[in-house]
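**Q** The structure that follows is given in the form of structure tokens.
The values are calculated or read from the model by the stated rules, or taken from the named source; none is laboratory data. As the structure is a prediction and not an experimental result, all values here were calculated from the model. Cβ placement follows ideal geometry from the backbone for every residue including glycine, while neighbour counts extend to all protein chains displayed. The accessibility values were calculated without ligands, DNA or RNA, using every heavy atom of the protein model including side chains. Shrake-Rupley method; radii C 1.70, N 1.55, O 1.52, S 1.80 Å.
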Amino acid sequence: MAEFQIKKGKDLKIKGQAAKEVVELPFPSTIALQPQDFRGIKPRLAVKVGDSVKVGSKLFIDKTNEDIAFLSPASGTVEAITRGAKRALMEIVIKTDGNQDAEAFATFRAEEIARLAKSDVIKALLSGGLWPAVRQRPFSCIADTSAEPKSIFVRAVNTDPLAMDVDVVLEGLEKEFQAGLDALKTLTQGEVFLCTAPDAKSKVLTEAQNVITHRFSGPHPAGNVSTHIYNIDKIEKGDTVWYVEAQDVVRIGQLLLTGTHPVEKYVAVTGEGVEKRYYAKTIIGASIKDLTAGSDLMGQRCISGSVLSGKSVGADGYVCFYDSQVTIIPEGGDRRLLGWLVPGFDLYTLSNTYASAFVPRAEYSLDADTNGGERAIVCNHLYDKYVPLDIPVYFLLKAVIANDIESAEAMGILEVDEEDFALCTFACPSKTEVGAIIRQGLDVIQKEG
Amino acid sequence: MSLFAKISKEIEEKYFSKGKPLEKMFPLFDALDTFLLTPGKTTKQAPHVRDAVDIKRVMIFVVLALTPCILMGMYNVGYQMSVAEGLEYSVLACFGAGALKVLPIIIVTYAVGGLWEGLFAIVRNHEINEGFLVTGILFALTLPPTIPLWQVAVGISFGVVIGKEIFGGTGYNVLNPALTARAFVFFAYPAQMSGDAVWAAVDGFSKATPLAVAAIAERGTDAVEAIQNAGYTFQDVFLGFIPGSIGETSALACLLGLAFLLITRVASWRVMAGCVIGLVAMSLFFGLFKGENSLAFFSLPPQWHLIMGGFAFGAVFMATDPVSSSATDAGRWIYGILIGALVVLIRMVNPAYPEGVMLAILFMNVFAPTIDHFVVQAQIKRRSARG
């Protein structure tokens with residue numbers, strides 16, 4: 001075990017932390033699976049509106065690898081299938097019946113899981129609908145089943161603003177978590193690394209076997225997968241590592257032990273836009289409405305995930321597959337008089353150009369206002385302060401913009417994901433979309449192989 | 001929505017939005033509109049929240065940092081006039097007389113520079129960049145108070161168009177546009193830009209700057225003595241009661257600006273520290289060679305170099321321009337140190353230009369991308385060697 005102290009980065013002082021108490025919400029009336037959550041797949045529907053489905057019924061598959069199936073988290077009927085621009089499949093909405101009748105999959109005894117062959121585990125995860133929980137670097141897409149991962153990272157720490165303390169929700173799930181870890185260990189010749197917060201107390205994490213545990217302390221992005229990979233087992237061109245969220249490791253264990261597609265999930269309900277903030281016990285694909293029961297969402301931005309890396313899904317939206325947090329913040333967009341002149345005691349900044357930098361408050365109200373117009377990059381010295389990886393961010397950005405893929409790879413683009421640059425985008429006075437530009441570069445590289 | 005926001009929206013929809021008569025003028029409307037009110041746009045993708053700071057505020061903070069130099073410059077221009085005329089002006093009279101000379105220069109710079117900026121924004125259909133607020137005032141402050149206004153207009157036109165816009169505008173320029181403009185007028189109109197007669201706004205009066213005094217002092221003599229014999233004390237030079245370009249004479253005013261830039265973290269301290277280290281090291285090095293036959297300049301100790309000429313102004317406000325300086329931390333040190341060293345080199349061994357700051361910074365502007373290239377290549381090598 002090692003402890004990594006991350007120095008570069010920043011924890012945003014944003015209002016709206018959830019209380020660390022688990023609240024069991026009423027079973028959701030509708031849930032949805034969103035194919036757009038899975039980067040790079042080409043979805044093909046396996047159901048149509050009106051079909052009745054069970055827990056574990058195939059909703060859609062990936063055309064590029066038809067073994068990868070995406071299963072229904074609830075029993076009921078398919079209420080709607082919505083499409084977006086260019087007929088992209090957006091949501092498959094299920095009206096639940098509350099019975100949770102389930103398809104049956106293969107079961108294993110806890111002791112035998114560690115001895116299973118890689119191919120058997122892959123088969124079980126594919127048919128049981130949990131393969132999508134295993135993602136890979138580079139590109140942050142669903143892991144390629146034929147690849148040999150150098151190592152596998154389990155993320156049990158999240159330093160995103162207002163993120164869930166996963167320590168709390170793993171309580172009592174030792175058996176399932178260990179089964180999940182054992183299964184992951186069969187998938188790699190290398191190690192499984194369990195990355196936790198420095199103060200992780202849950203026995204589920206501290207007594208995990210068959211893995212190497214590392215602790216990460218310091219400001220965000222100490223909890224990002226890229227930070228873990230960079231510090232523990234760096235990747236070069238040609239390397240692949242896989243990574244899984246801690247809650248999904250539990251679900252992998254549950255699938256193998258019980259033979260049903262596990263759907264239970266804890267989601268932190270956060271942000272100043274909701275009055276009641278808690279850790280909700282719910283199922284995959286729950287709706288924002290159900291999670292924020294009763295809160296008025298008019299004029300609020302509803303985000304699945306955190307303010308830094310999440311996705312705006314709207315008040316009628318659903319939690320994305322990989323997220324364990326929703327954040328509701330005011331939409332903002334009011335025009336302030338003479339913004340360049342005001343002292344700004346209540347305006348949050350990482351720069352020293354507002355009074356708030358000198359008379360700091362414990363937390364600030366942040367809305368979705370860009371707080372300025374887009375300009376060419378001027379303050380090129382800012383970015384490196386927020387990325388704890390050995391990457392010249394400004395030059396990587398320029399390489400991507402110039403479509404200089406070779407340089408971008410040499411500077412380390414394959415190691416990263418757009419979320420690693422969220423703080424750069426946040427801090428940039430020119431309002432440059434740093435992460436989005438990096439993502440364009442990754443997409444080009446992935447497409448061209 | 002506030003009343004102002006409503007009015008602005010109405011005007012925009014009536015005249016400046018797509019298909020309306022003044023559609024092409026939108027960048028001008030936008031510049032004025034966002035000057036009065038924040039844009040009020042919301043984020044389209046993650047991250048959903050953004051820092052309160054924007055380029056407008058950053059640029060205006062640089063202008064604020066220049067206030068001591070502007071005020072001191074106005075005062076000193078008036079003070080030099082009183083010295084030239086042999087009259088005792090009151091503080092207010094000095095300031096007033098100086099302001100009458102300086103304000104027209106600033107107004108012409110902003111009017112002509114702003115015109116170009118606006119023209120390019122309209123033709124290219126992009127926002128007017130607040131960078132020209134900084135470029136304009138920087139350029140004005142590097143001029144002698146006697147410069148004809150038409151030369152100011154020609155100079156800033158060259159700086160904005162050739163120094164910046166042909167590269168794509170603020171953020172893409174290689175050279176510092178204010179210095180480009182100054183270099184242009186310096187070489188195009190040497191009679192109005194250099195010599196001993198241009199520093200006091202009184203006809204027929206000439207007085208050498210301390211730098212010029214040091215440059216022409218006889219071989220083997222002591223430069224400090226020469227400067228003091230010419231009537232300049234260390235204190236005068238530090239406070240800025242000496243002839244020189246409008247904004248650059250007072251090292252104290254530059255120090256105040258420096259403090260403001262460092263406290264607000266708007267400018268890079270590495271560049272400034274590098275400049276000082278380079279200058280001190282190089283002047284000490286030349287000091288080793290002082291002797292009977294050496295230039296008098298060799299005997300000038302570093303503390304004089306620091307406060308004379310445009311060094312303080314250049315190191316604090318010109319070299320730190322993030323766009324035309326190095327963009328890596330290591331690169332910033334190298335860039336700064338080389339500027340400091342070059343300043344001394346040009347001052348001492350190039351008799352044609354007693355002042356080396358402008359050329360030193362422009363020269364290093366050209367080299368900054370090369371420095372960055374090597375720093376980034378070193379980082380890439382380190383990455384691939386880590387195994």
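**Q** What are the radius of gyration and Dmax of chain A, computed over its Cα atoms and given in Å?
**A** 21.6, 68
**Q** Under a GNM of chain A (C-alpha, springs under 10 Å), which listed residue has the highest mean-square fluctuation: A:GLY129, A:GLY412, A:GLY305?
**A** Top of the fluctuation ranking is A:GLY412.
**Q** Of A:LYS185/A:LYS276; A:LYS48/A:LYS276; A:LYS398/B:LYS56; A:LYS95/A:LYS311; B:LYS6/B:LYS164, which ones are farther than 30 Å apart at the Cα?
**A** As for pairs spanning more than 30 Å Cα to Cα, those are A:LYS185/A:LYS276; A:LYS48/A:LYS276; B:LYS6/B:LYS164.
**Q** When the Debye formula is applied to the Cα atoms of the range B:309-387, each taken as the same point scatterer, what base-10 log of I(q)/I(0) results at q = 0.20, 0.22, 0.25 Å⁻¹?
**A** -0.80, -0.91, -1.08
**Q** Which residue fluctuates the most in chain B, going by a Gaussian network model with Cα springs under 10 Å, if the choices are B:GLN151, B:GLN45, B:GLN192?
**A** Taking springs between Cα atoms under 10 Å, the residue moving most is B:GLN45.
**Q** For the range A:82-135, report the translational diffusion coefficient in µm²/s to the nearest whole number, using Stokes-Einstein at 4 °C, 1.567 mPa s, and a Kirkwood Rh over Cα pairs.
**A** 89 µm²/s
**Q** Check the straight Cα-Cα distances from A:LYS118 and name the aspartates and glutamates below 12 Å, setting aside those fewer than 8 residues away within the same chain.
**A** A:GLU148, A:ASP182
**Q** Can you work out the accessible area per residue across the protein assembly as shown, with the rest of the protein chains kept in place, probe 1.4 Å, in square angstrom?
**A** 40 Å²
**Q** I want to verify the translational diffusion coefficient of the protein assembly as shown in µm²/s; compute it with Stokes-Einstein, Rh as the Kirkwood radius over Cα pairs, at 20 °C and 1.002 mPa s.
**A** 71 µm²/s
**Q** Further, regarding this structure: P(r) of the range A:370-448 in 5 Å steps, Cα pairs, percent per bin?
**A** In order of increasing distance, the bins hold 3, 17, 30, 26, 16, 6, 2, 0 percent.
**Q** Now, a different point. Would you please report the Å³ per residue occupied by the convex hull of the alpha carbon atoms in the range B:31-111?
**A** Convex hull of Cα atoms, per residue: 115 Å³.
**Q** Which semi-axis lengths, in whole Å and largest first, follow from the square roots of five times the eigenvalues of the Cα gyration tensor of the range A:188-266?
**A** 23, 17, 12
**Q** Just in the range B:221-307: which chymotrypsin sites (Phe, Trp or Tyr not before Pro) are loop by DSSP and have at most 12 other Cβ atoms within 10 Å?
**A** Qualifying residues, ordered by number: B:PHE289.
**Q** For the B and A pair, go ahead and give the buried accessible area with a 1.4 Å probe, both sides summed, in Å² to 100.
**A** 5600 Å²
**Q** Within the protein assembly as shown, what whole-number % of the accessible surface is contributed by carbon and sulfur, with the 1.4 Å probe and all protein chains included in the calculation?
**A** 58 percent
**Q** Within the P(r) computed for the range B:56-377, what percentage of the Cα pairs occupies the region above 32 Å?
**A** 24 percent
**Q** Work out the P(r) tail for the range A:311-449: percent of alpha carbon pairs separated by more than 19 Å, whole number.
**A** Every Cα pair in the range A:311-449 considered, those over 19 Å come to 61 percent.
**Q** If you average the sequence gap of Cα pairs under 8 Å that are 6 or more apart and divide by the length of chain B, what percent do you get for the contact order?
**A** Computed over chain B, the figure is 15 percent.
**Q** Taking every alpha carbon pair in the range B:177-293, what does the distance histogram look like in 5 angstrom bins from 0, in percent?
**A** Once binned at 5 Å, the Cα pair distances of the range B:177-293 give 2, 9, 12, 17, 21, 19, 13, 6, 1, 0.
**Q** Ignoring the sites themselves, what is the longest stretch of chain A with no GluC sites (Glu not before Pro) in a DSSP loop and at most 12 other beta-carbon atoms within 10 Å?
**A** Answer - A:276-449.
**Q** While we're looking at this one, here's another question. Provide, for q = 0.11, 0.17 Å⁻¹, the log10 of I(q)/I(0) from a solvent-free Debye sum over equal Cα point scatterers in the range A:130-260.
**A** -0.34, -0.85
**Q** Quote to one decimal, in nm, the extra length available between A:ALA104 and A:LEU297 on full extension: 0.36 nm per residue of separation minus the C-alpha distance between them.
**A** The A:ALA104-A:LEU297 span can extend by a further 65.6 nm.
**Q** Could I ask something else about it? Out of the DSSP beta bridges found with both residues in the range A:168-314, what percent are antiparallel (nearest 5)?
**A** Rounded to the nearest five, the antiparallel share is 65 percent.
**Q** Taking every eigenvalue of the Cα gyration tensor of the range B:1-146, multiplying by 5 and rooting it, what semi-axes result, largest first, whole Å?
**A** Ellipsoid semi-axes (Å, largest first): 39, 18, 14.
**Q** Which FRET efficiency value, to the nearest 0.05, is calculated for B:SER206 and B:MET25 with the Förster distance at 41 angstrom and r the Cβ-Cβ distance?
**A** 0.30
**Q** Please compute the modelled spin-label separation between A:ASN210 and B:GLU218, points set 7 Å along Cα→Cβ, answer in nm with one decimal.
**A** 9.4 nm
**Q** Tally the DSSP beta bridges in the protein assembly as shown and give the antiparallel ones as a percent, rounded to 5.
**A** So the antiparallel bridges amount to about 60 percent of the total.
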